[in-house]
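Notes to accompany the following structure.
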Amino acid sequence: MHYDVYITQKDRLYLAMVPALPGCTALGRSEDEVLGNVRDVIEGYLRLLQMQRKPFPSVKVVKIHHARYSTARSS
């Protein structure tokens, strides 16, 4: 099963969020570290669901939109 992971950076920390798994987030000091941390969190989250005999959330992609925004101002 695959879940989308969104990573944002603020200052020197990276935050990973998994929208399909409410509350499933992780922090790291690099992209590699936050990805490793969020993998551990996802595994724990799914193990807990399994222990509670609850189904794993399924994800259906309805629409994907990519946007690119420039922060540079033109003169």
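The values are calculated or read from the model by the stated rules, or taken from the named source; none is laboratory data. Nothing here was measured: the structure is a model prediction, and the numbers come from that model. Here Cβ is always computed from backbone atoms with ideal geometry, including for glycine, and neighbour counts include all displayed protein chains.
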Condition broken by V62, with the remaining ones in (1) modelled with pLDDT under 90; (2) surrounded by 10 or more Cβ atoms within 10 Å (Cβ to Cβ); (3) of a type outside the set (G, A, S) satisfied: (2)
Tally, over segment 1-32, of residues that are under 17 Å from L49 (Cβ atoms) and part of a loop (DSSP other than H, G, I, E, B): 10
Matching residues in segment 33-57 - criterion: being hydrophobic (A, V, I, L, M, F, W, C) and either assigned to a helix (DSSP H, G or I) or at pLDDT 95 or above (or both): V34, L35, V38, V41, I42, L46, L48, L49, M51
Residues satisfying the stated conditions in segment 1-49, i.e. of a type in the set (G, A, S) and surrounded by 12 or more Cβ atoms within 10 Å (Cβ to Cβ): A16, A20, A26, G28, S30, G36
